[in-house]
Amino acid sequence: MESREQRAKMMGEADVRKVLTKLAIPGIIAMLINAVYNIVDTMFVGMLNNTSAIAAVSVVFPMFMLIAAIGQMFGVGAGSYISRLLGEKNKEQADKTTTTTFVTSIIFSFVFTVFSLMFLVPLLRAFGATDTIMLFAEDYAKILIIGSAFTIVNMVLNNMIRAEGNAKFSMIAISIGALANIALDPILMFTFDMGIKGAALATVLGQGLSFIYLIKYFVSGKSFIKINMRHFAPSKFMYSEILKIGAATFARQALASVSLGLINVAAKPYGDAAVASMGVSLRVFSLGIYVVFGYNQGFQPIAGYNYGAKKYSRLFEAIKISLRTTTIFTTIMTVVFMVFAKPIISVFTNDPEVIMIGARTLRVISLLFPLFGFQQVYASLFQSLGKGKEAFLLSASRQGIFLIPAILILPKFIELDGVIFSQVVADFFTIIVTYILSRKLLNKLKNEDVNLKTS
């Protein structure tokens, strides 16, 4: 395993392209595996030959995103702060942040579990469950919520490990959970005849295995940043540093959860098949999204470290390479989704109505996907640099500020097509906001670089 000194030298001195590749590939693999096991869950549920069961997975997915929102709020927020602290050589504060965030995330996870179980049925109704869907959705959601602490804490630990530059270990931890989930799905669902409950239990058990692997990393002393109760030192300043970035991530995830719920509600009048098709197409589309997210997991610590170390030329190079790389990838994925939409959706169901609506949805939401990398690189950059307001605005735009009104308004005029086209409308306006904010940021960074060289 690399020493901290080697990692620091890599982040601040090694060839930027090679460092991006080294840190991004584990993140991409980990996120791809996450996306794949989400899709595999849907495939196995599809084997139950029940459209309402597939729709139940779609209805519960917004709740899973709320769980993820809490984990990402603390994980991404702490990770951004820790990477900047390490760039400033402030190891003591990094350790305090690590321990405090870990403990805080555990507390929040139990609060979320209790609250969600108390209001489960109203929440599922709000996320689009019909009477026929509710029977499956309630069984599926209960188990996921009971095991949500594993998901939340895992996200926190993974982000903090990536912040110290050990993306490979994080990838392995995520892969263990995902592969265990994939292996357990058919065993629990069909061998033990647990049905949709088995799919949920497989997810929780997989997350539990990931947690064991992650916490062992810190307990064994292999980590550079430490979890130790003597470092537990909550403070207003620390939480403000974590939350000014974490809040933006939470907003993105929480608004995405609300938006998915609204999509289900808007699709509900057109039947369980419409709800199911939305869920399937969005799960498939997440393959492309998760790769970009995974890439940015490698980009973020490099950006944060070099910004903290005031190495602006390396920061600019990382931005340029990342924009080019993500745009090439998203363009390729757009072509794949456009050309193969129908056979892709057919993998999950034999229902012709689900296939028809799902294929159309996949093609439509791919229209502006070539610019998704542009959106997300700058959203990640603002997070990495501690620019909380801008990060919040970008995160809230695509999944909330523009998407939610589109979902509420468009179906009134063009019915189901309004649901399908809502994401494209949100993407269009988000691209405009991203362009404006990115120009301002780059000009500011260039001025800081000039002032540093002339001082």
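The values are calculated or read from the model by the stated rules, or taken from the named source; none is laboratory data. Quick caveat: nothing in here was measured; it's all calculated off a predicted structure. With ideal geometry, Cβ positions are generated from the backbone for all residues, glycine too; neighbour counts draw on all protein chains shown. We work out accessible area using only protein heavy atoms, side chains counted, and drop any ligands, DNA or RNA first. Shrake-Rupley method; radii C 1.70, N 1.55, O 1.52, S 1.80 Å.
Things worth noting here:
- Where only C-alpha atoms are counted, convex hull volume of segment 143-203 per residue in Å³: 55 Å³
- In the chain, Cα pairs under 8 Å separated by at least six residues give a relative contact order of 24 percent.
- Options Val36, Ala53, Gly147, ranked by Cα towards positive dipole end of segment 1-148, top entry (Cβ charges): Val36
- Tensor-based shape of segment 1-122 (alpha-carbon gyration tensor, a/c under 1.5 rounded, otherwise prolate or oblate): oblate
- Integer Hz, Karplus 6.51/-1.76/1.60 couplings in order for segment 424-434, x for Gly and Pro: 5, 4, 4, 4, 4, 6, 5, 4, 5, 4, 4
- Label zone at Thr132 (point 7 Å along Cα-to-Cβ), backbone N below 19 Å, segment 249-276: 264-276
- Highest-first packing order for the peptide set 225-238, 153-166 is 153-166, 225-238, based on the mean count of other beta carbon atoms within 10 Å.
- For segment 84-192, the solvent-accessible area of protein heavy atoms averages 39 Å² per residue (probe radius 1.4 Å; ligands and nucleic acids excluded).
- Integer Hz, Karplus 6.51/-1.76/1.60 couplings in order for segment 345-358, x for Gly and Pro: 5, 5, 5, 9, 7, 9, 5, x, 5, 5, 4, 5, 5, x
- Nearest-20 debye value, the chain charge dipole, Cβ charges on Lys, Arg, Asp, Glu: 1820 debye
- Sulfur and carbon atoms: percent of accessible area, the chain [1.4 Å]: 68 percent
- Label-reachable residues, segment 45-80, where backbone N falls under 12 Å from a point 7 Å from Asp193's Cα toward its Cβ: none
- Computed over the chain, the per-residue total of -39500 (n - 2.57) for DSSP H runs of n ≥ 4 gives a 222 nm mean residue ellipticity of -29000 deg cm²/dmol, rounded to 500.
- Whole-Hz Karplus values for segment 172-186 come out as 4, 4, 5, 5, 4, x, 5, 5, 5, 4, 4, 5, 7, 3, x Hz, taken residue by residue from phi with 6.51 cos²θ - 1.76 cosθ + 1.60 and θ = phi - 60°; glycine and proline positions read x.
- When both segment 403-430 and segment 95-144 are represented by their alpha-carbon centers, they are found 27 Å apart.
- Taking 30 Å as the straight-line reach from the Cα of Lys197, the lysines in range (excluding those fewer than 8 positions away in the same chain) are Lys142, Lys216, Lys268, Lys342.
- FRET efficiency for Gln6 and Val111, using Cβ-Cβ distance with R0 set to 45 Å, rounded to 0.05: 0.70
- Overall form of segment 192-273 per C-alpha gyration tensor (a/c, 1.5; a/b vs b/c): oblate
- Think of segment 300-425 as a dipole: +1 on every Lys or Arg Cβ, -1 on every Asp or Glu Cβ, centred on the Cα centre; then among Gly304, Thr327, Val377, Gly304 lies furthest on the positive end.
- FRET efficiency for the pair Lys236 and Asn350, taken as 1/(1 + (r/R0)^6) with r the Cβ-Cβ distance and R0 = 51 Å, rounds to 0.35.
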